[in-house]
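Just so it is clear, none of the values below were taken in a lab; they were calculated from the coordinates. Since this is a predicted model, take the numbers as computed values, not measurements. Note that each Cβ is placed from the backbone with ideal geometry, even for glycine, and that neighbours are counted across all protein chains shown.
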Amino acid sequence: MNVPESHPRYESLLRRDRLIEGFRNGIVAEAGLIAHGRGEALDYLIGEKTNDFAEEAERVSAFQLLNASNPIISVNGNVAALCPKSLIELASTTGAALEVNLFYRTEERIAKIVEHLENFGAQNVLGAEPDAQIPGLEHARALCTESGIFSADVILVPLEDGDRAQALRDMGKTTIVIDLNPLSRSSKVASVSIVDEVTRAIPNVTKFAEEIKASGEGLSKTMADFDNERNLAMALEAIRKGF
Ligand code: PTJ
């Protein structure tokens with residue numbers, strides 16, 4: 001990209017560039033470009049920064065992932081293109097496994113995303129050989145692995161579609177959704193909704209997980225007090241008021 005780092009929209013332009021490149025390399029779905037545009041508009045409205053409500057949700061998410069017995073990070077085309085390194089860092093800090101799981105599923109795209117993550121140093125990426133199904137969804141979107149998403153107790157699903165987010169909740173899992181839209185069905189059905197841009201949110205969750213591990217904190221007051229509905233209401237209020 002020929003835009004200097006001093007450009008006021010550098011970060012945003014870099015994200016676009018990564019998605020376009022991901023699309024050309026067969027990682028990002030066509031609809032992924034559209035989905036990102038919607039996210040950009042909402043990010044603009046929350047000031048293109050991590051707000052207090054998002055930080056609170058990110059901290060709670062770090063607790064949830066660290067306290068899980070089988071934490072999983074679900075990876076789609078957009079997230080793989082936008083922040084592969086941060087995904088791997090979060091997985092290694094929290095002991096979570098990465099599983100590629102796509103809305104617009106093709107075996108070819110799954111293989112490319114697995115390879116892309118491996119090129120950034122990921123190991124044992126799940127998803128290419130599904131052997132289980134999420135109940136309540138039609139065939140392709142239901143496919144997952146038994147040792148990964150199917151048996152996960154805590155699952156991070158960035159940019160998830162509402163149906164699957166609901167189906168995962170119905171399985172009794174703790175779901176953490178990252179979505180800039182506080183009104184999306186995914187945000188509404190999640191146990192913890194992070195209303196923040198995914199490239200900011202994932203490193204923040206890692207940072208909080210590192211802090212929690214270093215301090216040896218147990219179940220903190222932050223977690224006990226967390227109310228997802230109230231947190232979403234604060235995000236909506238921030239969008240309404242403008243920044
Ligand atoms: O790679 P696939 O096949 O799994 O497909 C991925 C997409 C994202 C195309 C698919 O899941 C999809 O169509 O998603 P939706 O239903 O458009 O929802 C995407 C949500 O994520 C929207 O509410 C967007 O506002 C939000 N969003 C988009 N980009 C970002 C984002 N949230 C946080 N950070 C972003 N960068």
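Say we look at segment 70-113 and pick out the residues that are touching a Ser or Thr at 6+ places or on another chain (Cβ under 7 Å), within 13 Å of the ligand (Cβ to nearest atom) and assigned to a loop (DSSP other than H, G, I, E, B); which of these is farthest from residue 138 (Cα to Cα)?
Checking each candidate, the answer is 83.
Under 7 Å between Cβ atoms, at least 6 apart or on separate chains: pull out the pairs that start in segment 203-215 with a residue that is touching a residue at least 12 places away in the same chain (Cβ under 8 Å) and end on any residue that is surrounded by 21 or more Cβ atoms within 10 Å (Cβ to Cβ) and not in a helix (DSSP H, G or I).
none
Please state which of the following conditions residue 65 fails to meet, knowing it meets all the rest: (1) under 26 Å from residue 233 (Cα atoms); (2) within 16 Å of the ligand (Cβ to nearest atom); (3) aliphatic (A, V, I, L, M).
Going through the list (1) under 26 Å from residue 233 (Cα atoms); (2) within 16 Å of the ligand (Cβ to nearest atom); (3) aliphatic (A, V, I, L, M), residue 65 breaks only (2).
Could you tell me which residue of segment 174-186 is nearest to the ligand (Cβ to nearest atom), considering only residues that are within 25 Å of residue 146 (Cα to Cα) and surrounded by 23 or more Cβ atoms within 10 Å (Cβ to Cβ)?
178
Working only within segment 28-55, note down all residues that are more than 8 Å from the ligand (Cβ to nearest atom) and within 16 Å of the chain's Cα centre (by Cα).
Within segment 28-55, 50, 54, 55 qualify.
Can you run down the residue pairs with Cβ atoms below 9 Å, 6 or more apart or on separate chains, where the first is in segment 149-163 and near the ligand (Cβ under 9 Å from one of its atoms) and the partner is among the acidic types (Asp, Glu)?
Pairs found: 158/179; 159/179; 160/179.
Which residues, taken from segment 114-146, are more than 11 Å from the ligand (Cβ to nearest atom), part of a helix (DSSP H, G or I) and aliphatic (A, V, I, L, M)?
Within segment 114-146, 114, 117, 142 qualify.
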